[in-house]
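Please read the structure below before turning to the comments.
Read the figures in this text as sums done on the coordinates, not as results from a lab. Remember, predicted model here, so these are calculated numbers, not experimental data.
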Amino acid sequence: MRLRSAILAVVFAFLPLCAHAAGICKLRNLTPAFVTFYDATKALPPEKRADLFVTQFAPKYAFFYGNMEFGDAQKLGKASLRLLDPTHPEHLAGFPPLTDARFRAVAQAIEPDFIAAQEKFLKAFPDFRCEADVAFGPSFLSFDGNGFTDAKGWHMLFGVDTIALLHGPQDMPAFFSHELFHIYHQQILRGQIPKDDAVTWWAMWEEGLATYISQRMNPSLPAQQVLWFPTDIVARMQAPGVMVRAAKLMLENFDKSDSAHSLFFESGHSTSGLPPRAGYYMGYRMAVELGRDHSLAWLARLHPADVKTRARAFLEKTANGN
């Protein structure tokens, strides 16, 4: 008990939270506090560190860990071991395990990278008014970027460890452009967005358009680099018959969400013959087609009723091999 008390005294005497307005987005960064916690508890067994994280650390940052993505205390404790047990580093298929050095480098750079991306985004969309509460912290592979709305408004959370695992320094401008566009899309469409924003036709457009915007704002990056995951998604989607199959399946699930959303838009799921996140690629291709004749501002303001009509037409055309 004496060791635990001494450690807690160190940790909570020096827990910094960077909270300030940088540019126009309100930023809160709990990553420095987590690093302090990590260093102060590293002599403890991993399970003890996870217990302290759940009971002492996470409650101080409920704006981040109160998000439903993390589940209950038991689930959060299990997830936190992914960073708190150095013998089992975080990893995802196709990527090297996350190192402590890599995590710390990204943790240090993430705010300046975000601020630079925000300034660039403002030049492309000068009417951008960041109405989201933006926060950075370890997500234990739950997400790299996660936007959601609750009673307090619109929030955008960034998982620093997941970003460090999935993205290199060259990815960051496009990654943040993608997520900033989601915030902007909410701003300009407001109540027009479908209440069920996970429905297939809207999710395809929402994610595909954000991907396309990120590439237009960073034109030196190829499609694979703005789609990120899987690392071979472009090659797999361009294989003979794959887009036709994707279009047919998405038409079958056109007005569905929940399980359909996981099949087409989540990294840990897929359906036969398609890579994970095939819906991102399909939406990206739809946006590329429309972007040939329309400005970014026009695409951003396309009314959801028009999106639905155009999404169905795009999928039907693709399903027919055109």
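Using a ≥ b ≥ c from the Cα gyration tensor of the range 156-228 (square roots of the eigenvalues), is it rounded, prolate or oblate, where a/c under 1.5 gives rounded and otherwise the larger of a/b and b/c decides, a/b for prolate?
Numbers: a/c = 1.99, a/b = 1.63, b/c = 1.22.
Prolate shape, in that a/c is at least 1.5 and a/b is the bigger ratio.
Going by the alpha-carbon gyration tensor, a ≥ b ≥ c the square roots of its eigenvalues, is the range 126-177 rounded (a/c under 1.5) or, if a/c is not under 1.5, prolate (a/b greater than b/c) versus oblate?
On the way: a/c = 3.22, a/b = 1.33, b/c = 2.43.
Verdict is oblate for the range 126-177.
Return the Rg/Rh value of the chain, two decimal places, where both radii are evaluated on C-alpha atoms and Rh is the Kirkwood radius. Spell out each step's value before the answer.
Values: Rg = 20.4 Å, Rh = 20.7 Å.
In the chain, Rg relative to Rh is 0.99.
Post the alpha-carbon centroid distance, the range 230-286 to the range 87-163, in whole angstrom.
Taking the Cα centre of the range 87-163 as reference, the centre of the range 230-286 is 24 Å away.
Once you have the Kirkwood Rh of the range 278-322 from its Cα pairs, apply Stokes-Einstein at 25 °C and 0.890 mPa s and quote D in µm²/s.
The diffusion coefficient I find is 223 µm²/s.
Given H placed 1.01 Å from N in the peptide plane, which residues other than close sequence neighbours of Asp133 have an amide H under 5 Å from its amide H?
The list, which skips near neighbours in sequence, is Trp154, His155, Met156.
Quick one: Karplus J couplings for the range 279-285, per residue in order, coefficients 6.51, -1.76, 1.60, θ = phi - 60°, nearest Hz, x for Gly and Pro?
x, 4, 5, 5, x, 4, 5
Over the range 113-187, what is the mean sequence separation of C-alpha contacts under 8 Å (at least six apart), divided by residue count, expressed as relative contact order in percent? Mind showing how you got there, number by number?
Working: 94 pairs, mean separation 28.3, N = 75.
Here the relative contact order equals 38 percent.
Tell me, in nm to one decimal, what length is gained between Lys48 and Thr231 on full extension, where the rule is 0.36 nm per residue of separation less the Cα-Cα distance?
This chain segment gains 62.3 nm when fully extended.
By its C-alpha gyration tensor, with a ≥ b ≥ c as the square roots of the eigenvalues, how is the range 182-322 shaped: rounded for a/c under 1.5, else prolate for a/b larger than b/c, else oblate?
On the way: a/c = 1.43, a/b = 1.17, b/c = 1.22.
Note, shape of the range 182-322 comes out rounded.
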